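Engineer: To start, I am sharing the structure in question, which I have written as structure tokens.
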Amino acid sequence: MLRILLADDHKILREGIRRGLEGAGETVVGEASNGEEAVELARTTQPDVVLMDLSMPVVDGIAATKRITDEMPETKVVVLTMHDDASRTRAAIAAGAVGYLTKGTSFTEVLETIRAVANGETVLSPQLAISMLRAAQEAVEHADLLSDRQVEILQKIANGYGTKQVARELGITQKTVHNHLNAIYRRLDTQSLTQAVLSAVRLGIIDLDQAES
């Protein structure tokens, strides 16, 4: 019998999943309506598996997943969310999730996934696996569009740096940063910094979820 914590801000969805899990012989040890509650309940209940939504108030599901897996490595996190894009999937997995399902998934598959991750497996829905593979292929195909320095500059811009701060961090002049940005605009066929960042994210060249080391 597995001990499961539910984290989702939709009460009706939680209740439905709880009934299904308990009907299948598993135990729901708690329900959280936001990410902060999920972390606190995980600390007090020490569940085997947390079924985690991503879009929650106070603390989102990705941040909550990281805190839970960092503090309680024996607890497995399965994401159950409306988001099916590859960047969200990568961010959740980087945070420590070992399962990722969308809310269109049948309850049977949710139950099977919970039991599989409790046994040490990692589970992605087939659609998400395909999406991640396509994103990885695109990243390889477009990797040579920009130089390593241009990617570095654009990633820092995406992380919230201004051009002056980028220049200081990389030990180059602000004029050099602007020269690189102009080259980036040409290579990505964009007209502005915002367009360049969005285009690079779409092509898999940079990642909006990539934290500074």
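Engineer: State yes or no: is Gln195 touching a helix residue (DSSP H, G or I) at 6+ places or on another chain (Cβ under 9 Å) and assigned to a loop (DSSP other than H, G, I, E, B)?
Structural biologist: no
Engineer: In this structure, does Leu54 turn out to be touching a residue at least 24 places away in the same chain (Cβ under 8 Å), under 17 Å from the mean Cα position of the chain (by Cα) and either buried (at least 18 other Cβ atoms within 10 Å of the Cβ) or in a helix (DSSP H, G or I) (or both)?
Structural biologist: yes
Engineer: Right, Thr75: modelled with pLDDT of 95 or more and surrounded by fewer than 24 Cβ atoms within 10 Å (Cβ to Cβ) or not? Break it down into steps so the answer makes sense when it comes.
Structural biologist: Working: modelled with pLDDT of 95 or more: yes; surrounded by fewer than 24 Cβ atoms within 10 Å (Cβ to Cβ): yes.
Against the criterion (modelled with pLDDT of 95 or more and surrounded by fewer than 24 Cβ atoms within 10 Å (Cβ to Cβ)), Thr75 qualifies.
Engineer: Condition test on Leu128, is it at pLDDT below 85, within 28 Å of Pro73 (Cα to Cα) and surrounded by 18 or more Cβ atoms within 10 Å (Cβ to Cβ)?
Structural biologist: yes
Engineer: Scan the stretch 89-101 and give yes if some residue there is assigned to a loop (DSSP other than H, G, I, E, B) and farther than 29 Å from Leu203 by Cβ, otherwise no.
Structural biologist: no
Engineer: Would you check which residues across the stretch 131-157 are polar (S, T, N, Q) and modelled with pLDDT under 90 and list them?
Structural biologist: Ser131, Gln137, Ser147
Engineer: Which residue, of Ala116, Ala95, Ala64, is farther than 16 Å from Leu6 by Cβ, out of contact with any strand residue (DSSP E or B) (no Cβ under 6 Å at 6 or more places or on another chain) and of a type in the set (A, V, I, L, M, F, W, C)?
Structural biologist: After ruling out the rest, the residue left standing is Ala95.
Engineer: Another question, then. Which one of these does Leu13 not meet: (1) part of a helix (DSSP H, G or I); (2) touching a strand residue (DSSP E or B) at 6+ places or on another chain (Cβ under 8 Å); (3) within 20 Å of Gly99 (Cα to Cα)?
Structural biologist: Here Leu13 meets the rest and fails (2).
The values are calculated or read from the model by the stated rules, or taken from the named source; none is laboratory data. From a predicted model like this one, the values you see are computed outputs, not experimental measurements. Cβ: placed from backbone, ideal geometry, glycine included. Neighbour counts: every protein chain shown.
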